[in-house]
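Engineer: Got a structure for you, written out below as structure tokens; questions coming shortly.
The values are calculated or read from the model by the stated rules, or taken from the named source; none is laboratory data. Computed from a predicted model, the values in this text were never measured in an experiment. Note that we place each Cβ from the backbone using ideal geometry, even for glycine, and neighbour counts take in every protein chain shown. Heads up: the accessible areas ignore ligands, DNA and RNA and are worked out on the full protein's heavy atoms, side chains in. Shrake-Rupley method; radii C 1.70, N 1.55, O 1.52, S 1.80 Å.
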Amino acid sequence: MEERYLWILWDNPKVLHCVNTWRGTHLSERKNRREIQTKKERKKERGSLRQKTESAVRKALPMDMILRCILVSFVLGVMLHVTEEHYIDATYGQEVTLPCQVDIVNPSVPVIWKYKSEEIIKYQRGHLLRGSSSSSATYSLKNADKGDYSLTMRNGKEGQYTCEAHGKIKTTNLNLWSVKGPSDEYLLEGDITQLELSSLDMSTQVEWFGPNKSKITNEKERWTLQNKDRRLQIKDLKAQEDQGTWECFISRSGLRITHDVRVIGFVNSLDGAVIYAAVNSTVVLSCELNIDFQEIPKNILRNPVLRWTKDNKTIVEVDLNNFNSSLLQQTIGKVQFEHAGEHKCSIAFTRRNLSKTTHLVVMKVSADRPRLDSKENVTICCHVSAPDLSKAQLCWNNRSDSPKCETHLPEGKFCYETRSAGEWKCSLTVQDEEKLSMIYFVDEASTVSNSFPLTYIAIAAGGMLLLLIIIIGVCVFSCKTVKQKRQRARKMAQARQHLLEKKTCQCHKDLTNDYYHA
């Protein structure tokens, strides 16, 4: 009988552990001898030791020791099974399934689910009975007829759930997570907000990821992790960086919880941006929002007013109730030096104003004379209107000479004397990056001394000749006209004289006949 039990229990690791413990002294001596042997000899020794141990157990191991080993094995197995736990992470309102499966199905034995020792449902003989819990959660069993008593639940509570089925107990710890954000539907650029992870579990590691999928750390000043990474504070909101879907990652289960942050800001949201422009160019100052103006809720934008200012002086102020997209842009055609300065657009929201500042830097070039002189140099000057030129550099450069540069610009200009004709380029460099450039042409001195007088002499001579021809033509025409008038007058006088003489003769003839008849 003893021998039969030994063969049955020999492959059980718990029983073997008991046997080895009981014969600890004998095994330790064997172990000391094995340490000095080769691997091949060790393998042989293990086989020999097993055979000898089996023989020794058959001969020397008492029956009460065998029964103790069986009892220890049974108790350990039951304890390990009872203390088996599962952890499930889910979001609030999500449908979850708590596992509970058994191999033997007995309809007469009840299956009970408990929440913190409070019975929530009971299943027996095909009937599902709800417990006395006042929870609003809905419960159902997955496939109870086939031994799958997994609990499907919605709107459940966070905590420990226990399944008691056919003498087996399975425990599941349910952790519900959610991310709470600001109550406002929209935030304004520059606001401060925070996202907070809600859960009773404070030990599980969590990670945050921004809209661009980058991991959030405390290295960035605007983003701060607090309360064991359960709270994320975002300062000075940026429309381009902070608007979008934020994600919290639960490392234990891989659960990802998302929350959308909506920020109203400008399309080009960089406040204090600098626009560089050359004289006579065209500049467009934009105040466009990153959201359709018509989609903004009325409670956020009650009496919207758009105001454009330059150096704190109001230029344009309009009511946005009659919205026109062109109002959000200001176009400056043929920029002049006086247009330079601080341009600011401001939109009045309910809580505060949303504003954007743009610095316009204008460049112009000039010279004391347009052409080289045979005796004196030409001084070319480059003017820049900028509020801060401490990190700027102006350079004059042409194809033949090396660049001439100046970093000390108290008056915002750099002048250079030259006797080199041709194309000169003035460039503005800020922190080793060229921001703006203009071209100025200096004419050659030879063109000034020879071509200029000959051209004007030829033009003057041609003009005088043309004038003389015109005068002669007018004189000839006038003389001819006068002569024709005189001839016409003479003929008219002769005609009148001839007519008068003819009438006189006729009168005499008539008088003679009258007297005769009388």
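Engineer: Among the residues of segment 260-278, write down those that are open to solvent by less than 60 Å² (accessible area, probe 1.4 Å) and in contact with an Asp or Glu (Cβ under 8 Å, 6 or more places away or on another chain).
Structural biologist: Step one: of segment 260-278, the residues open to solvent by less than 60 Å² (accessible area, probe 1.4 Å) are 261, 263-266, 269, 272-273, 275, 277-278.
Once the filter is applied, which keeps residues that are open to solvent by less than 60 Å² (accessible area, probe 1.4 Å) and in contact with an Asp or Glu (Cβ under 8 Å, 6 or more places away or on another chain), segment 260-278 yields 261, 263, 264, 265, 266, 269.
Engineer: Condition check: assigned to a strand (DSSP E or B) and surrounded by fewer than 17 Cβ atoms within 10 Å (Cβ to Cβ). Does residue 256 satisfy that? Give the derivation first.
Structural biologist: Working: assigned to a strand (DSSP E or B): yes; surrounded by fewer than 17 Cβ atoms within 10 Å (Cβ to Cβ): yes.
Answer is yes for this residue.
Engineer: Exactly one of (1) open to solvent by less than 30 Å² (accessible area, probe 1.4 Å); (2) farther than 27 Å from residue 264 by Cβ; (3) not aliphatic (A, V, I, L, M) is unmet by residue 208. Its number?
Structural biologist: Condition (2) is where residue 208 drops out.
Engineer: Moving on. It is to be established whether one or more residues within segment 101-114 are closer than 21 Å to residue 199 by Cα, open to solvent by 20 Å² or more (accessible area, probe 1.4 Å) and polar (S, T, N, Q).
Structural biologist: For segment 101-114, residues closer than 21 Å to residue 199 by Cα, open to solvent by 20 Å² or more (accessible area, probe 1.4 Å) and polar (S, T, N, Q): absent.
Engineer: Going through segment 295-336 one residue at a time, which ones are hydrophobic (A, V, I, L, M, F, W, C), within 22 Å of residue 276 (Cα to Cα) and part of a loop (DSSP other than H, G, I, E, B)?
Structural biologist: Start the filter on segment 295-336 by keeping residues that are hydrophobic (A, V, I, L, M, F, W, C), which leaves 296, 300-301, 305-306, 308, 315-316, 318, 320, 323, 327-328, 332, 335.
Of the ones still in play, those that are also within 22 Å of residue 276 (Cα to Cα) are 308, 315, 328, 332, 335.
Listed by number, the list holds a single entry, 335.
Engineer: May I pose another question? Six or more apart or on different chains, Cβ under 8 Å: which pairs go from a residue in segment 140-163 that's closer than 10 Å to residue 97 by Cβ to one that's acidic (Asp, Glu) and not in a strand (DSSP E or B)? Could you list them?
Structural biologist: Pairs found: 152/95; 153/95.
Engineer: Suppose the filter is farther than 30 Å from residue 375 by Cα, in contact with a strand residue (DSSP E or B) (Cβ under 7 Å, 6 or more places away or on another chain) and either modelled with pLDDT of 80 or more or surrounded by 10 or more Cβ atoms within 10 Å (Cβ to Cβ) (or both); does residue 435 pass it?
Structural biologist: On the way: farther than 30 Å from residue 375 by Cα: yes; in contact with a strand residue (DSSP E or B) (Cβ under 7 Å, 6 or more places away or on another chain): yes; either modelled with pLDDT of 80 or more or surrounded by 10 or more Cβ atoms within 10 Å (Cβ to Cβ) (or both): yes.
When the stated conditions are applied, residue 435 passes them.
Engineer: Is at least one residue of segment 157-178 surrounded by 14 or more Cβ atoms within 10 Å (Cβ to Cβ) and under 29 Å from residue 356 (Cα atoms)?
Structural biologist: no
Engineer: Looking for something assigned to a loop (DSSP other than H, G, I, E, B), touching a residue at least 24 places away in the same chain (Cβ under 8 Å) and among the small types (Gly, Ala, Ser) - is there at least one such residue anywhere in segment 283-294? Spell out how you get there, then give the answer.
Structural biologist: Going residue by residue through segment 283-294, those that are assigned to a loop (DSSP other than H, G, I, E, B) are 287-288, 290-292.
When the remaining residues are screened for being touching a residue at least 24 places away in the same chain (Cβ under 8 Å), the result is 287-288, 290-291.
Subsequent filtering for residues that are among the small types (Gly, Ala, Ser) retains none.
No - not one qualifying residue is present in segment 283-294.
Engineer: Applying the selection to segment 235-253, what residues are closer than 19 Å to residue 206 by Cβ, open to solvent by 40 Å² or more (accessible area, probe 1.4 Å) and free of Cβ contacts under 8 Å to residues at least 40 places away in the same chain?
Structural biologist: The answer is 245, and nothing else.
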